[in-house]
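Reading through the C-alpha cells given below for one structure.
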Amino acid sequence: MVRACDTPLMQKALKAAWAYQILTFPNPAVGAVVSDDAGTILGIGAHVRAGSPHAEVIALKEAYVALTHDHAINALEDSQEIHDYLILHHRLLFHPLTLHVTLEPCHHYGKTPPCSHLIQTLGIKRVVIGSYDESTQAKGGGAYLRTYGVEVEYGCEKEACDRLLAPFTCQLHRRPFLFFKVALSANGVATGGTISSLESRTRVHALRDRCDLLVIGGNTVRVDRPILDARLVQGKAPDILIYSHHKTWDHSIPLFSVANRHVSISEELALDAYRMVMIEGAQGMLDAVQQSVQWYLIFRSPHTKEGKALILPQGLELCYCETIGEDTLSWYYKRA
C-alpha cells in the first residue's frame with residue numbers, strides 16, 4: 001500500500017527526472033530517491049542520457065557514499081562498474097532502505113545491466129514505483145523483485161509519473177511526441193530577435209539534438225533567417241518542416257545549408273514518420289497547432305521587450321519549473 005509519506009519522496013524523484021526531459025530520448029526520463037525509515041533522503045538520481053547509468057543506480061551510489069563515506073565509487077561513471085562496486089561492498093547496508101522510482105526498474109540487459117538484479121542483490125526491503133514499464137524489452141522488474149520478497153508498491157503519484165513518461169510512451173505506441181517550444185520576454189513577447197539567455201539557448205540546442213524533426217512557421221523563417229542547428233552542444237541538427245503555403249524560398253537562409261538535413265515545405269503537418277518533434281514559432285504557429293499539441297516548453301526571460309504579447313492556450317497545467325541562467329524553464333501540459 002502506498003503511504004502518505006511516499007508522496008513527497010516521489011515528488012523529489014519527479015523533479016530530478018524532469019530536469020532531463022527529452023535529453024534522455026529514446027530512453028525515458030526517470031528519477032529515483034533512496035531513503036531510510038525516518039524518511040531521510042540518502043540519495044537522489046536521474047537518468048541523464050541514453051547509455052548512462054539509470055536513475056536508481058545514481059541514487060544508490062549517492063546513498064552508498066552517504067552511508068559509508070567511501071568516495072572511491074565517485075570515480076566510476078560506467079553503469080556496470082558501479083553495479084559491480086555496490087555488489088562487492090554493500091555489506092547489507094541497503095536492507096532497511098526504501099527506493100522510490102518514477103518508472104518500474106528495468107529487467108533486461110541493454111546498454112546497461114538490469115536495475116532489478118542490482119536492487120535484489122543489495123537487499124533493499126521496499127520499492128515504490130510510479131509508472132509501470134509497458135515496454136516489451138524491459139518490463140517485469142517489479143514482479144521479479146516480489147519473487148525475492150521485496151515489498152513492491154505501484155501507483156505513487158501515478159498520473160504525474162505517467163505524464164513524465166509521455167515521450168517514451170508515444171514511442172512505444174509508434175506515434176510522434178510533439179511539443180511547442182517558445183521563448184518569452186517578461187511581458188510575454190516572443191518576437192524581435194534573441195530573447196533568452198545563452199544557458200537557455202544551449203538547452204534548446206541539446207533538445208534539438210534529441211529531435212528528429214523541427215517544425216517552424218514560414219514567416220519566422222523569412223524574418224529571422226535562422227540556422228536551427230545544435231551547434232552549441234556539437235549535436236546533430238534535426239530535419240526541418242517549414243509550415244507554409246509558399247513554395248518558393250530564398251535558399252541562402254542558413255537552415256537550408258546544414259549538412260545531412262532534409263528540409264521540407266508543406267501546408268500539412270505530416271509528422272507520423274518522426275518520433276520526437278519540436279515545434280517553434282510565434283502566434284501564427286501556436287494557433288495552427290493548438291488542437292494537436294498537448295505539451296509546451298516555455299523559456300521566460302526577466303527582461304521586457306517591445307512587441308505584442310503572445311496569447312498562450314487556455315488550461316495549461318504546470319508540470320515542472322527550473323531556473324536556467326537568468327531565465328525560467330517551464331513544462332506545461334494541456335489536457336485534450
Region 133-147, residues that are of a type in the set (S, T, N, Q) and open to solvent by less than 60 Å² (accessible area, probe 1.4 Å): SER135
Region 34-53: number of residues that are touching a residue at least 24 places away in the same chain (Cβ under 8 Å), within 22 Å of LEU76 (Cβ to Cβ), of a type in the set (Gly, Ala, Ser) and crowded, with 17+ Cβ neighbours inside 10 Å: 3
Scope region 186-205; condition free of Cβ contacts under 8 Å to residues at least 60 places away in the same chain and either open to solvent by less than 40 Å² (accessible area, probe 1.4 Å) or under 24 Å from ILE311 (Cα atoms) (or both); matching residues: GLY193, THR194, ARG201, HIS205
Count of residues meeting criterion [assigned to a loop (DSSP other than H, G, I, E, B) and either in contact (Cβ under 8 Å) with a residue 12 or more places away in the chain or surrounded by 21 or more Cβ atoms within 10 Å (Cβ to Cβ) (or both)] in region 1-13: 3
Given (1) surrounded by fewer than 24 Cβ atoms within 10 Å (Cβ to Cβ); (2) touching a helix residue (DSSP H, G or I) at 6+ places or on another chain (Cβ under 7 Å); (3) closer than 24 Å to CYS170 by Cα, number of the condition GLY31 does not satisfy: (1)
Some residue of region 125-132 being at pLDDT 95 or above, of a type in the set (Gly, Ala, Ser) and open to solvent by 10 Å² or more (accessible area, probe 1.4 Å): no
Scan of region 59-77 for residues that are of a type in the set (A, V, I, L, M), assigned to a helix (DSSP H, G or I) and either surrounded by fewer than 24 Cβ atoms within 10 Å (Cβ to Cβ) or without any contact (Cβ under 8 Å) to a residue 12 or more places away in the chain (or both), ordered by number: VAL65, ALA66, LEU67, ALA72, ILE73, ALA75
Count - residues of region 156-169 that are buried (at least 18 other Cβ atoms within 10 Å of the Cβ) and free of Cβ contacts under 8 Å to residues at least 12 places away in the same chain: 0
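Let's see how each residue does on (1) out of contact with any helix residue (DSSP H, G or I) (no Cβ under 7 Å at 6 or more places or on another chain); (2) assigned to a strand (DSSP E or B); (3) of a type in the set (D, E, K, R):
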| site | (1), (2), (3) |
| --- | --- |
| ASN219 | no, no, no |
| ILE227 | no, no, no |
| LEU232 | no, no, no |
| LEU241 | yes, yes, no |
| HIS245 | yes, no, no |
| ARG261 | yes, no, yes |
| GLY284 | no, no, no |
| ALA288 | yes, no, no |
Breaking point among (1) touching a residue at least 60 places away in the same chain (Cβ under 8 Å); (2) in contact with a strand residue (DSSP E or B) (Cβ under 9 Å, 6 or more places away or on another chain); (3) surrounded by 21 or more Cβ atoms within 10 Å (Cβ to Cβ), for ALA16: (1)
Subset of region 122-150 [in contact with a strand residue (DSSP E or B) (Cβ under 7 Å, 6 or more places away or on another chain) and part of a helix (DSSP H, G or I)]: GLY142, LEU145, ARG146
Region 283-324: number of residues that are at pLDDT 95 or above, among the small types (Gly, Ala, Ser) and open to solvent by 20 Å² or more (accessible area, probe 1.4 Å): 1
Residue match in region 148-155 (condition: aliphatic (A, V, I, L, M), open to solvent by less than 40 Å² (accessible area, probe 1.4 Å), closer than 27 Å to ALA32 by Cβ and modelled with pLDDT of 95 or more): yes
Among the candidates ARG261, ARG231, ARG208, ARG222, residue that is at pLDDT 95 or above and open to solvent by 70 Å² or more (accessible area, probe 1.4 Å): ARG231
Test: residue in region 107-118 that is part of a helix (DSSP H, G or I) and in contact with a Pro (Cβ under 7 Å, 6 or more places away or on another chain): yes
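The values are calculated or read from the model by the stated rules, or taken from the named source; none is laboratory data. Predicted, not measured: the structure shown is a model, and the values here were computed from it. Ideal geometry is used to build each Cβ from the backbone, glycine not excepted, and the neighbour counts take in all protein chains shown. For the accessible areas, the whole protein counts, side chains as well, though only heavy atoms, and no ligand, DNA or RNA atoms are used. Shrake-Rupley method; radii C 1.70, N 1.55, O 1.52, S 1.80 Å.
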